[in-house]
Amino acid sequence: MKLTDLEIFVVGNQPPGWGGRYFTFVKLTTDTGIIGYGEVYAAAVGPDAMSAVIKDVFERHMLDENPENIEMMFRRVYSSGFTQRPDPTTIGAFSGLEIACWDILGKAHDRPAYALIGGLMNDHIRSYTYLYPLPHHDPNDFWTSPDLQAETAKEMVKLGFTAIKFDPAGPYTSRGGHMPAVTDIDLSVQMCAAIRGAVGTKADLLFGTHGQFTTGGAIRLGRALEPYDPLWYEEPVPPDNVESMAKVAQSVRIPVATGERLTTKAEFAPVLRAGAANILQPALGRSGGILETKKIAAMAEVYNAQVAPHLYAGPVEWAANIQLAANIPNILMVETIGTGGGFAGDLIKHSIQWEDGFVHAPKAAGIGVEFDEDLAKANPYSGTGLHLEMQDAPCDYKNGNAFQGGAAD
């Protein structure tokens with residue numbers, strides 16, 4: 001069996017746009033006619049440029065290769081251009097292609113992908129969602145309104161979620177770490193108080209920051225949040241500053257989580273060695289795919305750390321996350337965008353079962369989804385923007401700040 005053909009689908013996300021502006025899916029076909037689907041989360045370049053990278057990675061390192069030879073293909077990509085170091089763009093391209101290989105292998109053996117990497121350990125997997133506006137909410141008000149977010153939190157608990165994430169702490173700025181404004185700290189405290197008051201002990205609070213703060217700023221904010229006992233403090237400083245993150249972890253009584261912007265075990269290992277986080281959040285469409293992320297999870301196991309796969313992408317990456325989560329012993333939970341429905345659910349014909357706060361481990365072969373190519377082709381992304389973008393403006397210490405939840409334009 002050999003890999004012979006590649007097709008790329010850059011699909012424009014539909015309103016309200018949770019998950020980003022677009023999704024990048026790949027389809028691989030073998031000489032025996034077996035088809036596998038994957039998803040690329042890396043999007044540091046535009047969709048046309050990223051599609052060219054995916055094509056190059058496939059043709060240079062994977063074409064005519066047996067899809068079983070994932071280790072060999074990974075080493076080729078990792079070493080490409082004499083680099084032998086993590087590259088989020090090329091490894092991101094490989095991640096989606098690697099997921100498609102597991103989809104092929106599972107279908108070839110008529111088994112779920114998790115059966116081929118060690119078998120089933122978790123038949124239902126705890127999931128969490130970001131807090132998004134309810135239909136009657138004004139989206140412009142929602143992100144800075146403790147009352148509106150608390151209302152959504154209560155509704156998510158009614159649906160069955162036992163963990164909810166929110167991010168009221170300020171701007172998503174390209175300028176690197178900054179000191180939070182006093183108003184941002186105050187809003188964060190109000191948000192935690194309102195949400196904790198709404199859900200009580202029925203749900204864990206997951207506090208996100210997107211790597212916005214300096215070391216001192218992260219400590220200052222984290223200590224203000226401690227009375228509300230969040231389950232995690234996500235990416236409190238820029239993700240490339242492991243030493244700084246370790247200082248935060250040692251100074252704040254909230255577990256630190258990180259990993260959505262890291263790729264391969266080479267970037268996750270220093271985090272564990274430094275004690276910078278004990279919850280890892282790899283996104284399988286960026287981190288290296290299913291096998292590489294299983295290695296990351298195994299390293300975490302040695303350090304008594306847990307894994308909570310990140311999702312701000314489409315449903316095929318979600319499916320890959322679930323395959324890994326079904327297999328590893330140190331899974332904490334998986335991210336789900338809402339309950340996994342809407343346009344994203346339509347793209348996989350709602351073939352993953354979410355129920356009462358948990359995802360059921362799929363029984364179908366491969367990664368467990370039925371991809372709707374017709375729907376994907378009917379919704380091409382024709383823009384030039386990136387999947388997500390940071391603002392250039394710095395933190396506003398006078399008029400306040402708001403993170404708009406990563407919605408598509």
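Every number in this text was worked out from the coordinates using simple rules, so none of it is lab data. Worth saying up front: this structure is predicted, and the values here are computed from it rather than measured. As a convention, Cβ positions derive from the backbone with ideal geometry for all residues, glycine included, and neighbour counts pool all protein chains shown.
Shown is the FRET efficiency for Arg111 and Asn69, computed with R0 = 22 Å from the Cβ-Cβ distance and rounded to the nearest 0.05: 0.75. In this simple spin-label model, placing a label point 7 Å from the Cα along the Cα-to-Cβ direction at both Ala274 and Asp138 gives a separation of 4.2 nm. Magnitude of the charge dipole for region 1-133, about its Cα centre and with charges confined to Cβ atoms of Lys, Arg (+1) and Asp, Glu (-1), is about 340 debye. Peptides 79-88, 105-114, 174-183, 252-261 ranked from most to least packed by the mean count of surrounding Cβ atoms within 10 Å: 252-261, 105-114, 174-183, 79-88.
Simple point charges give the picture: +1 on the Cβ of Lys and Arg, -1 on the Cβ of Asp and Glu, and for the chain a dipole about the Cα centre of about 960 debye.
May I ask you to work out the translational diffusion coefficient for region 98-144 at 10 °C, viscosity 1.306 mPa s, via Stokes-Einstein with Rh from the Kirkwood sum over Cα pairs, reported in whole µm²/s? Result for D is 111 µm²/s. A Gaussian network model of the chain, with springs between Cα atoms under 10 Å, assigns the largest mean-square fluctuation among Val334, Val302, Val271 to Val302. Protection proxy ranking of 45-55, 94-104, by the mean of other Cβ atoms within 10 Å over each peptide's residues and highest first, is 94-104, 45-55.
Which pairs break 26 Å Cα to Cα here: Lys107/Lys165; Lys154/Lys265; Lys2/Lys27; Lys2/Lys55; Lys247/Lys398; Lys202/Lys349? Walk me through the intermediate numbers first.
Numbers: Lys107/Lys165 35 Å; Lys154/Lys265 37 Å; Lys2/Lys27 14 Å; Lys2/Lys55 17 Å; Lys247/Lys398 29 Å; Lys202/Lys349 31 Å.
With Cα atoms farther than 26 Å apart: Lys107/Lys165; Lys154/Lys265; Lys247/Lys398; Lys202/Lys349.
Between the beta carbons of Lys158 and Lys55, assuming R0 = 35 Å, the FRET efficiency works out to 0.20 to the nearest 0.05.
Relative contact order of the chain, please, whole-number percent, based on alpha carbon pairs below 8 angstrom and at least 6 residues apart.
Details: 943 pairs, mean separation 100.9, N = 409.
That works out to 25 percent.
If you model region 112-217 as an ellipsoid using its alpha carbon gyration tensor, with each semi-axis the square root of five times an eigenvalue, the axes come out at 29, 21, 13 Å, biggest first.
Between Thr214 and His178, Met179, the built amide H atoms are under 5 Å apart, and every one of these is 5 or more places off in sequence or on another chain.
The smallest convex shape that holds all Cα atoms of region 1-41, its convex hull, gives 61 Å³ per residue. Dipole orientation for region 87-240: of the candidates Gly119, Leu131, Tyr233, Gly119 has the Cα lying most toward the positive pole (charges on Cβ; Lys, Arg +1; Asp, Glu -1). Per-residue extension of 0.36 nm, minus the Cα-Cα distance of Thr29 and Met121, leaves a gain of 30.2 nm for this segment. Taking region 213-291, how much of its Cα-Cα pair set, in percent, is spaced more than 21 angstrom apart? When every Cα pair of region 213-291 is considered, 24 percent fall beyond 21 Å. Taking only the Cα atoms of the chain, the radius of gyration and Dmax are 20.1, 63 Å. Start at zero, step by 5 Å, and the Cα-Cα distances of region 15-102 spread as 3, 14, 25, 25, 17, 9, 4, 2, 0 percent across the bins.
Treating each Cα of region 118-166 as one equal point scatterer and applying the Debye formula with no solvent, the log10 of I(q)/I(0) at q = 0.14, 0.15, 0.23, 0.26 Å⁻¹ comes out as -0.41, -0.46, -0.80, -0.95.
Which residue fluctuates most in the GNM of the chain (Cα springs below 10 Å): Gly38, Gly170, Gly119? Checking each option, the largest mean-square fluctuation is seen for Gly119. Summarising the amide proton neighbourhood of Ala257: residues at separation of 5 or more, or on other chains, whose placed amide H is nearer than 5 Å comprise Tyr233, Glu234, Glu235.
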